[in-house]
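Notes for the one structure printed next.
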Amino acid sequence: MSFQSFIPPHRTLMGPGPSDINPRVLSALARPTIGHLDPLFVGMMDELKQLLQYAFQTDNTFTIAVSAPGSAGMEACFVNLLEPGDKVIVCINGVFGTRMHENVVRCGAEAVVVEDDWGRAVSPEKLEDALKAHPDAKFVAFVHAETSTGALSDAKTLCALAKQYGCLTIVDAVTSLGGVELRVDDWGIDAIYSGSQKCLSCVPGLSPVSFSQAAVDTIKNRKTPIQSWFLDQSLVMGYWSGEGKRSYHHTAPVNSLYALHEALVILHSEGLENSWDRHRQQHQQLAKGFAEMGLDFIVPEKERLPQLNSVWIPSGIDDAKVRSYLLNHYNLEIGAGLGNFAGKAWRVGLMGYAARNENVALCLAALADGLTQK
Ligand SMILES: *Cc1c(COP(=O)(O)O)cnc(C)c1O
């Protein structure tokens, strides 16, 4: 038997992630691997922390990338902060909110669920009712950008409410980071996690996280040990901070971190606000084209994510057939519906490097053609 190298085709990635990757990021991956404790690598990691602080708009010292995908960043936040019996208000308005809930339950904490319809933002009124009804709640957790539905929640207002009632906040920013306004310090976010493969347009497999001083203190004052050794951030902190005396915890994914560094250098030189504007402008172009084609958005205009456009599949159209037509004839990937929306919706991502004129034009042309293929 003989095996050949795997040579993937060049696809245009306009689904819910991974997104199109800037060629600069891919070439960073191919640079020589050096030791993860090499002084030059340590220097790169220090810069990476500064770049992540910029992306998150935070001065939090504890701002790093977990060496695993966004789901591990999610788990890192929950397993480090929650202790058995803690009361946590979890807002659910899509698939990723249900995963937060699952994390809470598995930590042995008590979940108070605030539910909103799929396709809508988290309701601040419902959150406030829950905060009033549960004065002993310690945490509020919600998803900023619900990738399963395309809804953007008002993180600033939700965090302000949580603070008013003395709760720490845990925020999923996997799809929001780099794509829409996000200000960790100004908004009072205590624990936040993201992903490398959405609006940062980097390869999958890394999860930027940041913890406020209050979150770090909560971790330090735990009465029970953190159940996960790998995700125990007090150990990981020694690896990412240690100044000169960095201690081995696990082998950092060296080349993937070069790629994340490059992606963040690109974001920094574009400027965060410019990146947010670019996502919004490309979204408006796409929305205009969708309207002309008669495709209806699932999310009301004010609650729409620019980087994840979910539309109802028109009746009589075969979901899988159209998506495979786009893939085979245009090398274009768009996302299927997830969870409750499986078979009913398409999710078109305009994330990071994919939020460009050429992508919008290709997607509109390809979809127009695809919709005529019965
Ligand atoms: C993609 C995504 C995740 C999970 O990230 P992975 O890198 O796939 O583990 C979590 N939350 C949201 C909102 C996401 O979009």
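Between residue 224 and residue 356, residue separation times 0.36 nm minus the direct Cα-Cα distance comes to 42.7 nm.
Binning the C-alpha pair distances of the stretch 172-312 at 10 Å intervals from 0 yields a P(r) profile of 10, 30, 32, 18, 8, 2, 0 %, listed from the shortest bin outward.
Counting Cα-Cα pairs of the stretch 23-268 in 5 Å increments starting at 0 gives whole-percent bin shares of 1, 7, 15, 19, 20, 16, 11, 7, 3, 1, 0, 0. Contact order for the chain, expressed relative to its length and based on alpha carbon pairs under 8 Å spaced 6+ residues apart, stands at 25 percent. Cα centroids of the stretch 221-251 and the stretch 117-191: 27 Å apart.
Sparsely packed loop sites in the stretch 212-298 (the GluC sites (Glu not before Pro) outside DSSP H, G, I, E and B with at most 16 other Cβ atoms within 10 Å) comprise 243. Checking the a/c ratio against 1.5 first, then a/b against b/c, what shape does the Cα gyration tensor give for the stretch 326-374? The shape class here is oblate. Peptide packing: for 69-81, 274-286, the average count of neighbouring Cβ atoms within 10 Å per residue gives the ranking 69-81, 274-286, highest mean first. If you wrap the Cα atoms of the stretch 136-248 in a convex hull and average its projected area over all directions, you get 8.8 nm². Per residue, the convex hull around the alpha carbon atoms of the stretch 115-164 comes to 69 Å³.
Every read-out reported here was derived from the displayed coordinates using simple, explicitly stated rules and does not represent laboratory data. Since the model is a prediction, treat every value here as computed from it, not as a measurement. So basically every Cβ, Gly included, is an ideal-geometry build from the backbone, and we count neighbours across all protein chains shown.
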